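Contents: one structure, followed by commentary.
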Amino acid sequence: MKDRIELETTYPHSPDLVWHALTDPEALGKWLMPCDLEPLIGFRFRFQRPDGSSIKGQVTDVELSRLLAY
């Protein structure tokens, strides 16, 4: 992997609520950028920037309500 950003943090919310905010395309679109992300290993997705360009990614690891790597 050429580029890597790792973030580990604790939120004062339930794991299920945080998981929803990180993996639900509608929720992500409200606080980050519109996207078509699905939390499935190997899934290729795009975040849509406000200028119309996109950021492409691929899910590399998932542990339900615990870990999302892409």
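The values are calculated or read from the model by the stated rules, or taken from the named source; none is laboratory data. Please read all numbers here as calculations on a predicted model, not as lab measurements. Here the Cβ positions follow ideal geometry from the backbone for every residue, glycine too, while neighbour counts run over all protein chains shown. Each accessible area value is taken on the protein alone, full model and side chains, heavy atoms only, with ligands, DNA and RNA left out. Shrake-Rupley method; radii C 1.70, N 1.55, O 1.52, S 1.80 Å.
List of remarks:
- In the chain, helical runs assigned H by DSSP with n ≥ 4 each contribute -39500 (n - 2.57); averaged across all residues and rounded to the nearest 500, the mean residue ellipticity at 222 nm is -6000 deg cm²/dmol.
- Relative contact order (%) - the stretch 4-43, alpha-carbon pairs under 8 angstrom, separation at least six: 24 percent
- Ranking Val18, Val59 by solvent-accessible area of protein heavy atoms (1.4 Å probe, all protein chains present), from largest to smallest, gives Val18, Val59.
- Here the accessible area of the chain is 53 percent carbon and sulfur, with a 1.4 angstrom probe and all protein chains present.
- Positive contributions from Lys and Arg (+1) and negative ones from Asp and Glu (-1), summed over other residues with Cβ under 10 Å from the Cβ of Arg46, come out at +2.
- Per residue, the accessible area of the chain comes to 82 Å², computed with a 1.4 Å probe over protein heavy atoms only.
- For the chain, averaging the sequence separation of C-alpha pairs within contact (under 8 Å, six or more residues apart) and dividing by the residue count gives a relative contact order of 21 percent.
- When the alpha carbon gyration tensor of the chain is reduced to an equivalent ellipsoid, the three semi-axes, largest first, read 19, 16, 12 Å.
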